[in-house]
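Any read-out appearing in this document is the output of simple, stated calculations on the displayed coordinates, not a laboratory observation. On a predicted model such as this, the values are computed, not experimentally measured, just so you know. Ideal geometry is used to build each Cβ from the backbone, glycine not excepted, and the neighbour counts take in all protein chains shown.
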Amino acid sequence: MSKVFKKEVLSYNTNLTAEIETDVNENPRARVHSVEWRKIMEGEPVEINPSIGHGYKIMTVEEWAGRWKRNDDFSECLNCNSKNTKEHHFTQTWCRGKKTWESELLCMDCHSFTWRSYRDPDFKLPEEYEREKWAAMVAGQAIPV
Ligand SMILES: [Zn+2]
């Protein structure tokens, strides 16, 4: 129970202490789907979602993105202000209560990609904490006595 409560309090999109970086592109900035997007744009067949069938098919953008969901926290296309968007990429990483995340939407009206990313100013990955700890220990040993 306490875990659920904690999850509600620590949300990726609240208590932001830095600017959200935004970017609008004709092609996805996230690597995921970028190959398929190029094929869709060139009218080449793309792989059918394995939960629907198998093989390859030429698809419209609407058909290809049909199963993606809207992100209601950030739904606005920054190119045309439409909220008719679908999120194709989302990641969030938490470490010691600090967070970083990325979101990218495809606009179903103008077919541009809206990127948003955020990083707490003092966010560090667990391996960065480890590296600093070791660097401090090594530095400590190097001090002449
Ligand atoms: Zn748009």
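Could you tell me the relative contact order of the chain? Use alpha-carbon pairs under 8 Å, at least six residues apart, and round to a whole percent.
Computed value for the chain: 24 percent relative contact order.
So what is the relative contact order for segment 24-89, in percent, with contacts set as C-alpha pairs under 8 Å and at least six apart? Before the final figure, lay out each step's value.
On the way: 63 pairs, mean separation 15.5, N = 66.
With pairs under 8 Å counted, the relative contact order is 23 percent.
Using a 10 angstrom cutoff on alpha carbons, build the Gaussian network for the chain and name the most mobile of Arg96, Arg116, Arg38.
Result: Arg96 has the largest fluctuation of those listed.
Where is the GNM fluctuation largest for the chain (alpha-carbon springs, 10 angstrom cutoff): Trp101, Trp134, Trp64?
Looking only at Trp101, Trp134, Trp64, the largest GNM fluctuation is found for Trp134.
Amide H of Glu87: which non-local residues (sequence gap of 5 or more, or other chain) have their own amide H closer than 5 Å, using H built in the peptide plane?
Hits under the 5 Å cutoff: Lys69, Arg70, Asn71, Leu106.
What number, rounded to the nearest 500 deg cm²/dmol, is the helix-based mean residue ellipticity at 222 nm of the chain, given -39500 (n - 2.57) per DSSP H run of at least four residues and division by all its residues?
Only helices count here, giving -7500 deg cm²/dmol.
Specify the residue with the greatest mean-square fluctuation among Asn27, Asn49, Asn79, computed from a Gaussian network of the chain linking alpha-carbon atoms under 10 Å apart.
Per the Cα network of the chain with a 10 Å cutoff, Asn49 tops the list.
Choose one of Asn15, His111, Asn79: the residue whose Cα lies farthest towards the positive end of the charge dipole of the chain (beta-carbon charges +1 Lys, Arg; -1 Asp, Glu; about the Cα centre).
Highest projection toward the positive end goes to Asn15.
Principal axis extents for the chain, Cα atoms only, whole Å, descending order, please.
71, 34, 31
Kindly point out, ordered by number, any Cys in the chain whose beta-carbon has no other cysteine beta-carbon under 4.7 Å away.
Lone cysteines by the Cβ rule: Cys95.
Find how many whole Å separate the alpha carbon centroid of segment 12-46 from the alpha carbon centroid of segment 69-88.
Taking the Cα centre of each part, segment 69-88 and segment 12-46 sit 12 Å apart.
When the dipole is taken about the Cα centre of segment 13-68, and only Lys, Arg (+1) and Asp, Glu (-1) are charged at their Cβ, what size is it in debye, to the nearest 20?
Result for segment 13-68 is approximately 220 debye, rounded to the nearest 20.
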